[in-house]
Amino acid sequence: MRIVFFGSPEAALPVLQGLLTAGHTIELVVTQPDKPSGRGKKLAAPPVKEFALSRSLPVYQPGRIRTAPGAPERLRAAWADIFVVVAYGQILPREIIDIPPHKTVNVHFSLLPRYRGAAPVQGVLLNGETRTGVTIFRLNEKMDEGDILTRSETAILLRETAGELEARLADIGTALLLDTLDRIDEIPLQPQDPTGATLAPKMRKEDRRLDWSREAGEVDRRVRAFSPRPSAFTSFKGQRLIVLKGAPLSGANACGNPGTVHRIAKEGLEICCGGGTLYRIERLRPESRGAMDAYAFTLNGRVRAGDLLG
C-alpha cells in the first residue's frame, strides 16, 4: 500500500521500518519540528526524521498541522491509500484524517478504551497493571476514541521498565499493523465502550518525584515507569538525585521516617518507605554528574545512615 506515516519518537521506528520491510511504499513521513536539546540547546531532529532521511524518504515537519498553510494539499499530493499514525504528538483534523481512501489508523500502546492519551506505557506501570497490549483503531478528532480494528494483548513482565515494555509493544504493534493492513477491507469496525475508558495524560515533571511515604512497591513502579528517561528523582541536601534503578526489599522492617537512609551496603542504599517497607536504590545520577552505582555515591562520606532524602 501507499502510506503516509506520522510519527516522532524512537518508539515509532520499528513500525516504520516494518512497513518498509514488508514492501509497503512510504510516500511521505510527517514528524514534529526539530527542537532545542541538551545544555547547548542545539536543534535536534526527532528520531523518525533521522531514520527517514537515512532511507531517502521525504519528510514534512509542520509546526501545528491543524493550521499549517497548505498541509492538506501537501498530504493529498502523496496519493496515499492510508495514513498510519504512531506517537506523532499532534491531533489531526478531520480534513486530514479523511484524505486517503482507507482513512487514518493509529497504533496505540494500550488496550483501548483503557489508557487513552499520551502516556499509556507509564500509566500501566504506575498503576501496577499485569497486562496491556496494542490497539489499532481508525482515527477521529477525539483523543483515542475512534472505532477499533484490531487488538493484541500481552503480559507485563516482572521488573519490566517503561523503555523495555515500550520496545516490546512496538514490535507487537508492527506485526499487528501489517496483519491489519492485509485484511483492512474485511475487518469490522468495533466502537469503543466509553464506560470502560481511562486516561493516561502526558506526564508532568512532578509526576516523576518519588514520594517516600508510599510503600516500596509503589516507589518501584514509579522508578520503572520513567526508566530509562526522563527518570524518577528525589532530592538530597538541596540537590536533585536521579534514581535510575532499584528494587523493593521483601518483608517489613523497623525503620525511621520515610526517606531515611536505613542502611548502606555494596548492593545500594536502603531507604525507608511507607508502611515500614524498604526500597534499595542500586544506581543513580547526582545533579550535573554522570550515572554511578549507589554505593559509589556513598564513598568519602557523602551519605550516612540516618540521612534524609526528599
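The values are calculated or read from the model by the stated rules, or taken from the named source; none is laboratory data. Small disclaimer: the values here were computed from a predicted structure and weren't measured. Virtual Cβ from ideal backbone geometry, glycine too; neighbours counted across all protein chains shown.
Return the only residue of ALA252, ALA225, ALA232, ALA247 being at negative phi and either at pLDDT below 95 or in the same structural domain as GLY89 (by TED's automatic domain parsing) (or both). Give the derivation first.
Working: ALA225 fails: either at pLDDT below 95 or in the same structural domain as GLY89 (by TED's automatic domain parsing) (or both); ALA232 fails: either at pLDDT below 95 or in the same structural domain as GLY89 (by TED's automatic domain parsing) (or both); ALA247 fails: either at pLDDT below 95 or in the same structural domain as GLY89 (by TED's automatic domain parsing) (or both).
Going through ALA252, ALA225, ALA232, ALA247 in turn, the sole match is ALA252.
Only a single criterion out of (1) of a type outside the set (Phe, Trp, Tyr); (2) within 22 Å of VAL107 (Cα to Cα); (3) outside any loop (DSSP other than H, G, I, E, B) is not satisfied by LYS202, namely (3).
Give the stretch 242-264 a look and list any residue that's buried (at least 17 other Cβ atoms within 10 Å of the Cβ) and not in a strand (DSSP E or B), or say none. Answer for the stretch 242-264, where residues must be buried (at least 17 other Cβ atoms within 10 Å of the Cβ) and not in a strand (DSSP E or B): CYS255, PRO258, GLY259. Filtering the stretch 269-310 to residues that are in a helix (DSSP H, G or I) and not small (Gly, Ala, Ser) leaves TYR295, PHE297, THR298, LEU299, ASN300. Candidates ARG168, ARG183: the one that is modelled with pLDDT of 95 or more, of a type in the set (D, E, K, R) and crowded, with 16+ Cβ neighbours inside 10 Å is ARG168.
Is it true that some residue in the stretch 204-223 is of a type outside the set (D, E, K, R), out of contact with any Gly (no Cβ under 7 Å at 6 or more places or on another chain), touching a residue at least 40 places away in the same chain (Cβ under 8 Å) and farther than 30 Å from GLY256 by Cα? No: zero hits. Of all residues in the stretch 100-139, those satisfying the criterion of being in a strand (DSSP E or B) and either in the same structural domain as ARG222 (by TED's automatic domain parsing) or of a type outside the set (S, T, N, Q) (or both) are VAL105, VAL107, HIS108, ARG116, ARG131, GLY133, VAL134, ILE136, PHE137, ARG138. Please find, among ALA52, ALA45, ALA11, the residue that is surrounded by 14 or more Cβ atoms within 10 Å (Cβ to Cβ) and farther than 27 Å from THR180 by Cβ. That would be ALA45, the only listed residue that is surrounded by 14 or more Cβ atoms within 10 Å (Cβ to Cβ) and farther than 27 Å from THR180 by Cβ.
Of all residues in the stretch 208-232, count the ones that are among the acidic types (Asp, Glu) and under 19 Å from GLU160 (Cβ atoms). It would help to see each step written out before you state the result.
Our first condition is that a residue be among the acidic types (Asp, Glu); within the stretch 208-232, this holds for 211, 215, 218, 220.
If we keep only those that are under 19 Å from GLU160 (Cβ atoms) as well, we get 218, 220.
So the count comes out to 2.
Taking the stretch 122-179 as the range and being more than 15 Å from VAL86 (Cα to Cα) and among the small types (Gly, Ala, Ser) as the test, the residues that pass are GLY123, GLY128, SER152, ALA155, ALA162, GLY163. GLN90 meets each of the listed conditions (1) within 11 Å of VAL30 (Cα to Cα); (2) over 23 Å from the mean Cα position of the chain (by Cα); (3) in a loop (DSSP other than H, G, I, E, B) apart from (2).
Any residue at all in the stretch 21-38 that is assigned to a helix (DSSP H, G or I) and under 25 Å from LEU176 (Cα atoms)?
Yes, there is a match, as at least one residue in the stretch 21-38 is assigned to a helix (DSSP H, G or I) and under 25 Å from LEU176 (Cα atoms).
A count restricted to the stretch 221-241 and to residues that are surrounded by 15 or more Cβ atoms within 10 Å (Cβ to Cβ) and part of a loop (DSSP other than H, G, I, E, B) stands at 3. In the stretch 65-78 there is no residue matching the filter, namely being of a type in the set (A, V, I, L, M, F, W, C), in the same structural domain as ILE97 (by TED's automatic domain parsing) and either assigned to a strand (DSSP E or B) or at positive phi (or both). Condition check for THR180 on (1) part of a loop (DSSP other than H, G, I, E, B); (2) within 30 Å of ILE26 (Cβ to Cβ): one failure, at (1).
So which of GLU218, GLU166 ends up being assigned by TED's automatic domain parsing to the domain that holds CYS273 and in contact with an Asp or Glu (Cβ under 9 Å, 6 or more places away or on another chain)?
Numbers: GLU166 fails: assigned by TED's automatic domain parsing to the domain that holds CYS273.
Selected residue: GLU218, the only one of GLU218, GLU166 that is assigned by TED's automatic domain parsing to the domain that holds CYS273 and in contact with an Asp or Glu (Cβ under 9 Å, 6 or more places away or on another chain).
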